[in-house]
Amino acid sequence: MVTGTGLVAAREVAAAVPDPELPMVTVADLGILRDVSEESGQVVVTITPTYSGCPALREIAQDLRHRLTAAGFGPVTVRTSLSPAWTSDWISPAGAAKLRAAGIAPPHAARAPRPGPVPLTLLTSRPAVPCPVCGSSDTTQTAAFSATACKALYRCESCREPFEYLKDI
Amino acid sequence: MSEDEFAAYQSLAQESEDHRWAFGTGFTDPLEGIDTSVPAGADPAALAAYCLMLGDDALIYSHRLQQWMTRMPELEEETALANIALDLLGQARMLLARAGRAEAAAGPGPGRDEDRLAFFRDEHEFRNVRLAERADADFAELVGRLLIFSAWRLALLSRLAGSADPVLAAIAAKGVKELTYHRDYAAQWVIRLGDGTALSRGKMQAALEIIWPLAGDLFRTDPVTAALPGIAVDPAELRGEVDEVLHAVLAEATLERPRSAPMAPVSGRTGRDGVHTEAFGYLLAELQSLPRAHPDATW
C-alpha cells in the first residue's frame, strides 16, 4: 500500500528520472512528468509527450518503471496524457538553468494560442536567442531543426560558438 | 558521466522483450491510459473512417519525406525533414490507434492496431489525399508540396483542436504546434528560391504549377466528414485560410499563383475514396514489404 509519505518518496524517485535525450535535466524539470498518484494501493505515474513522435517517451516510461520498482514501489502503472498539450513553458527555472549550463539555450515564452489562424512566423519578428556561452544577443539561426525534435541550431556571432536552442512551442 | 546520465544511456541500450525500436518490436500503444470511448451520439464507424483519413495523410506523407533521407543537399535540411517526418509519424500513430479503438466500438470485431492498419491494408483501403503520396522530383517540388500540405493541415488541425471528441482534439492541439514549424520551414524555402536567382525562381514556379492540380482534393467535402458534425472539420472551410497563407508567401517570394487546373476525380472518386495515383502502389510496396514478408518478426 502506497500512501502519504510513501507517495512523497515515490514522487521524488519519479522526478529524478533523467530525460534520455537531454540527460542534464529530469522529466520533472522538463514538465514531462504530470502526476504521481496512488490507485488501489499502486503507484500510477502520468507523463506527456513533448512532440507527437518523440521516441524518448517510452524510454522514459521504462526508466520510471525500473527505478520505482527498484525503490520498492512496484508494480507501477505509467499513463500517457495528451491534454493539455506539452508546452516549453512547463520547463522549470531550475531546468532552464541546467540547460544553459550544458550549452543549450532555454526556450523563450511560447507563443500563446490565440483564436483564429496561426500567424506565419516569417511575417512577425522572432526575439533574439542569447548565446548560452557568452551571453551575446548577436546570434543567428542556422537551422530550424536539430538532432532532436525539440531543438533548433544557432550560431553566436560574438564568440562564434554553435549552440542548440530548445524550441518554444 | 554521472550516474543518472549512465542510467539513461543504459536504458536506451537495454535489450528486453518490450524494449525495441521498429516494426513488430513491441511498441506500446500510443494512446495507453487514455479514455478512447466514442463520444455520445457519434457514429463509431464514421469516426474510425475519419481518423484513418487524417492518419493516412500523415503516414504516407511522412514516408515520402523519409525517402529524401541521405539525398538532401545539406545535413541541416536532412535533419529538418527527418524531424518533420517524425512529427507526422507520431501523429499517424495516434490517429491510427484512435481509428482502431473506434473500429472496436463499431464492432463486431476487436478493431485493428496501428501496425495492422499501416502494414496490412491494400491500396484501395488507404484514405489519404493524393497530394500526400506524390513523389517530389526535386527540392523545389519538395518545399512547394510541403508548404501546401502543412498550411492545409495546420488550418485543419487548429479547427479540430475544438472537436467534440476529446481524443481527436488533444491529438490536433499537439499537431498544431508541430505544423506551425513545418509550415514556416517550407515557407522560408519557397521565399528563398522564389526571390532568388532567375533559375531558382523558374524552378520554384514550375514546381508549384506541377503540384497545384493535387491541391483541389484538399477542400472537397466528403460523406465521412459530413456524418460527424461537431467532431470533424469540413474541408471546404479551410480554403480561405490556406489561400491567405499561400498568397502571403507567394507575394514575398515574388511568385505567381499557380494556374494549373485541379486533377479530376476518377469516376467521381479521389484518395479519400481509396482511388490513388499510380505512384501510390510503389510507395506502399516499399512501406509494407518487410512486415508482410515477416509478419511476426521482431528485432
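The values are calculated or read from the model by the stated rules, or taken from the named source; none is laboratory data. What you see is a predicted model, and the numbers here were worked out from it, not measured in a lab. Because the Cβ atoms are built from the backbone with ideal geometry, glycine has one as well, and the counts that use them run over all protein chains shown.
See the values below:
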quantity: Conditions (1) modelled with pLDDT of 95 or more; (2) away from every other protein chain (no Cβ under 14 Å); (3) closer than 24 Å to B:Lys174 by Cα; number of the one not met by B:Glu141; calculated: (3)
quantity: The range A:105-127, residues that are more than 29 Å from B:Thr36 (Cβ to Cβ) and surrounded by 15 or more Cβ atoms within 10 Å (Cβ to Cβ); calculated: A:Ala105, A:Pro106, A:Pro107, A:His108, A:Arg111, A:Pro117, A:Leu120, A:Thr121, A:Leu122
quantity: Residues located in the range A:59-84, provided they are closer than 23 Å to B:Ile34 by Cα, within 11 Å of chain B (Cβ to nearest Cβ) and in contact (Cβ under 8 Å) with a residue 24 or more places away in the chain; calculated: A:Glu59, A:Ile60, A:Asp63, A:Leu64, A:Thr77, A:Val78, A:Arg79, A:Thr80, A:Ser81, A:Leu82
quantity: Yes/no for A:Val78 being of a type in the set (A, V, I, L, M), in a loop (DSSP other than H, G, I, E, B) and touching a Leu at 6+ places or on another chain (Cβ under 7 Å); calculated: no
quantity: Close pairs (7 angstrom Cβ cut-off, 6 or more residues apart or separate chains): closer than 19 Å to B:Asp56 by Cα in the range B:285-298, small (Gly, Ala, Ser) and outside any helix (DSSP H, G or I) anywhere; calculated: B:Pro291/B:Gly24
quantity: In the range A:107-128, the residues that are at pLDDT 85 or above and under 18 Å from B:Trp189 (Cβ atoms); calculated: A:Leu120
quantity: Residues of the range B:60-87 that turn out to be assigned to a helix (DSSP H, G or I), closer than 21 Å to B:Ala137 by Cα and either within 10 Å of chain A (Cβ to nearest Cβ) or not basic (Lys, Arg) (or both), as a count; calculated: 17
quantity: The listed residue being more than 14 Å from chain A (Cβ to nearest Cβ), crowded, with 18+ Cβ neighbours inside 10 Å and at pLDDT below 95, out of B:Gly107, B:Gly100, B:Gly111; calculated: B:Gly111
quantity: Filter pass, A:Ala102 being within 14 Å of another protein chain (Cβ to nearest Cβ), exposed (fewer than 15 other Cβ atoms within 10 Å of the Cβ), closer than 19 Å to A:Val25 by Cβ and under 24 Å from the mean Cα position of the chain (by Cα); calculated: yes
quantity: Residue check for A:Asp89: in a helix (DSSP H, G or I), of a type in the set (Asp, Glu) and out of contact with any Gly (no Cβ under 9 Å at 6 or more places or on another chain); calculated: no
quantity: The lone exception for A:Gly41 - which of (1) within 22 Å of A:Ala105 (Cα to Cα); (2) more than 20 Å from the chain's Cα centre (by Cα); (3) small (Gly, Ala, Ser) it fails; calculated: (1)
quantity: Breaking point among (1) modelled with pLDDT of 95 or more; (2) farther than 28 Å from B:Thr221 by Cβ; (3) not in a helix (DSSP H, G or I), for B:Ala135; calculated: (2)
quantity: Leading residue by the ranking (farthest from the other protein chains (Cβ to nearest Cβ)) among those in the range B:155-173 that are over 13 Å from B:Cys51 (Cβ atoms), in contact with a Pro (Cβ under 9 Å, 6 or more places away or on another chain) and outside any helix (DSSP H, G or I); calculated: B:Ala164
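Yes or no, residue by residue, for (1) buried (at least 20 other Cβ atoms within 10 Å of the Cβ); (2) touching a residue at least 60 places away in the same chain (Cβ under 8 Å); (3) assigned to a loop (DSSP other than H, G, I, E, B); (4) in contact with a Pro (Cβ under 9 Å, 6 or more places away or on another chain):
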| residue | (1), (2), (3), (4) |
| --- | --- |
| B:Val176 | yes, no, no, yes |
| B:Arg183 | yes, yes, no, no |
| B:Ala186 | yes, no, no, no |
| B:Met204 | yes, yes, no, no |
| B:Ala215 | yes, yes, no, yes |
| B:Thr225 | yes, yes, no, yes |
| B:Ala236 | no, no, no, no |
| B:Val245 | yes, yes, no, yes |
| B:Tyr282 | no, no, no, no |
